[in-house]
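Scroll down for the structure; my scribbles are underneath it.
The values are calculated or read from the model by the stated rules, or taken from the named source; none is laboratory data. This one's a predicted model, so the numbers in the text were calculated from it and none came from an experiment. Heads up, the Cβs are rebuilt from the backbone with ideal geometry, glycines too, and the neighbour counts pull from every protein chain shown.
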Amino acid sequence: MRTETDDIPQSGDEHPGDLPANHYTVEPQARLSDVDTGKRRSQWAEVWRRLTRNRTAMFGLVIVLLIIFTAIFADVIAPHSFRAQNLDRIAEPPSREFLLGTDDLGRDILSRIIFGARVSLQVGFIAVSISIMIGGTLGAIAGFYGGRLDNVVMRVMDVLLAIPSILLAIAIVSAFGGGIVNVMVAVGISYIPLYARIVKASVISVKEQEFIEAARAVGANDFRIIVKHILPNSLAPIIVQGTLGVATAILSAAGLSFIGLGIQPPTPEWGAMLSSGRHLLRTAWHVATFPGIAIMITIFALNLLGDGLRDALDPRLKQ
């Protein structure tokens with residue numbers, strides 16, 4: 001005989017597949033993070049696809065990679081030592097033995113340009129890293145919290161922006177002396193306000209999004225929200241400006257060396273090489289010309305790459 005209790009599932013008869021209609025399952029957090037990771041990977045794959053379709057950007061990327069490769073393997077590629085002097089062969093024009101000629105001390109210009117690429121790239125990348133780390137941190141804090149803290153941080157940045165970057169770098173190097181470390185610090189500090197403003201603007205546009213509110217709802221603290229959610233979604237303008245900033249930092253370091261405040265001899269640096277050969281332009285044009293061409297090609301390639309990254313990372317320019 002069937003009773004009403006027969007329709008009620010007993011504890012021992014419950015199965016995962018026989019759940020009541022009002023029973024909800026919760027997806028594990030790992031699956032959600034996997035979906036988010038896959039989405040980010042697909043976004044970066046789309047950025048790379050758009051970048052590869054930009055021929056000028058790829059041309060710049062190839063040149064930049066070639067310069068980086070040359071800097072890394074300078075000891076193998078350079079035909080001579082950048083320190084070796086031959087006073088019997090001062091300011092010789094290009095020849096088979098010295099493809100780009102020799103300088104005012106009989107040193108091989110090609111070898112010094114190759115080793116100078118290592119110094120210039122090192123200064124450029126480290127100076128920009130200093131600017132991004134300090135300026136990005138200050139900009140993220142100011143944009144996220146706002147209020148009085150924002151006013152204090154940005155007013156300090158305004159004071160620094162009122163001073164031309166090259167003059168600020170000259171003042172810092174003059175106070176602490178030349179050398180590669182001081183040049184990197186001076187150039188890095190001079191561009192902190194620029195990255196602070198860029199990061200602040202990105203943070204303000206991102207922090208009001210719905211996923212930030214969702215992160216707050218699940219109990220994420222401010223540090224986790226900034227590091228895990230806001231900064232990753234603010235990378236596009238930072239990457240673009242960082243690429244262009246490397247070119248600007250290399251140019252600033254070359255300018256400091258040109259006026260005698262940057263990297264000191266005998267370390268090969270393109271700006272210092274340009275400065276040492278300027279008085280020989282009429283009698284030995286190659287001494288200053290080839291270091292200048294190296295600076296020009298590097299800046300040109302980085303600008304092409306930066307413009308291409310800007311187009312590839314801009315969602316309004318999808319192809």
Suppose we filter 66, 100 for residues that are surrounded by 14 or more Cβ atoms within 10 Å (Cβ to Cβ), at pLDDT 90 or above and either touching a helix residue (DSSP H, G or I) at 6+ places or on another chain (Cβ under 6 Å) or at negative phi (or both); which single one remains? 100
Residue satisfying all of: in segment 120-166; at pLDDT below 90 and of a type in the set (Phe, Trp, Tyr); nearest to residue 253 (Cα to Cα) among these: 144
Quick one: is residue 183 in a helix (DSSP H, G or I), under 30 Å from residue 256 (Cβ atoms), of a type in the set (Val, Ile, Thr) and at pLDDT 80 or above? yes
Give me the pairs: first residue in segment 267-285 and within 22 Å of residue 249 (Cβ to Cβ) and touching a residue at least 24 places away in the same chain (Cβ under 8 Å), second residue basic (Lys, Arg) and buried (at least 24 other Cβ atoms within 10 Å of the Cβ), beta-carbon distance under 8 Å, and six or more apart or on different chains, which are they? 268/112; 273/112
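Of a type in the set (Gly, Ala, Ser) and either out of contact with any Phe, Trp or Tyr (no Cβ under 7 Å at 6 or more places or on another chain) or surrounded by fewer than 18 Cβ atoms within 10 Å (Cβ to Cβ) (or both), is that true of residue 91? Please lay out each step first, then the result.
Working: of a type in the set (Gly, Ala, Ser): yes; either out of contact with any Phe, Trp or Tyr (no Cβ under 7 Å at 6 or more places or on another chain) or surrounded by fewer than 18 Cβ atoms within 10 Å (Cβ to Cβ) (or both): yes.
Taking the combined requirement at face value, the residue satisfies it.
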Only one of 188, 177 is touching a helix residue (DSSP H, G or I) at 6+ places or on another chain (Cβ under 9 Å) and either small (Gly, Ala, Ser) or more than 21 Å from residue 244 (Cα to Cα) (or both). Can you tell me which? 188
Out of (1) of a type in the set (D, E, K, R); (2) farther than 30 Å from residue 50 by Cα; (3) assigned to a helix (DSSP H, G or I), the one residue 228 does not meet is (2)
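Name every residue in segment 85-135 that is charged (D, E, K, R) and in a loop (DSSP other than H, G, I, E, B), in order of residue number.
Those that are charged (D, E, K, R) and in a loop (DSSP other than H, G, I, E, B): 92, 96, 97, 103, 104, 107.
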Please work out if residue 99 is touching a strand residue (DSSP E or B) at 6+ places or on another chain (Cβ under 9 Å), among the hydrophobic types (A, V, I, L, M, F, W, C) and free of Cβ contacts under 8 Å to residues at least 40 places away in the same chain. yes
May I ask you to verify whether residue 168 is hydrophobic (A, V, I, L, M, F, W, C), out of contact with any strand residue (DSSP E or B) (no Cβ under 7 Å at 6 or more places or on another chain), within 25 Å of residue 295 (Cα to Cα) and surrounded by fewer than 24 Cβ atoms within 10 Å (Cβ to Cβ)? yes
Kindly indicate whether any position in segment 61-84 is of a type in the set (Asp, Glu) and more than 33 Å from the chain's Cα centre (by Cα). no
Residue ID - nearest to the chain's Cα centre (by Cα), chosen from residues in segment 171-203 that are surrounded by fewer than 17 Cβ atoms within 10 Å (Cβ to Cβ) and in contact (Cβ under 8 Å) with a residue 24 or more places away in the chain: 201
Would you check which residues across segment 114-148 are over 23 Å from the mean Cα position of the chain (by Cα) and either touching a residue at least 24 places away in the same chain (Cβ under 8 Å) or within 18 Å of residue 225 (Cα to Cα) (or both) and list them? 145, 146
In segment 260-300, what residues are of a type in the set (S, T, N, Q) and assigned to a loop (DSSP other than H, G, I, E, B)? 264, 267, 283
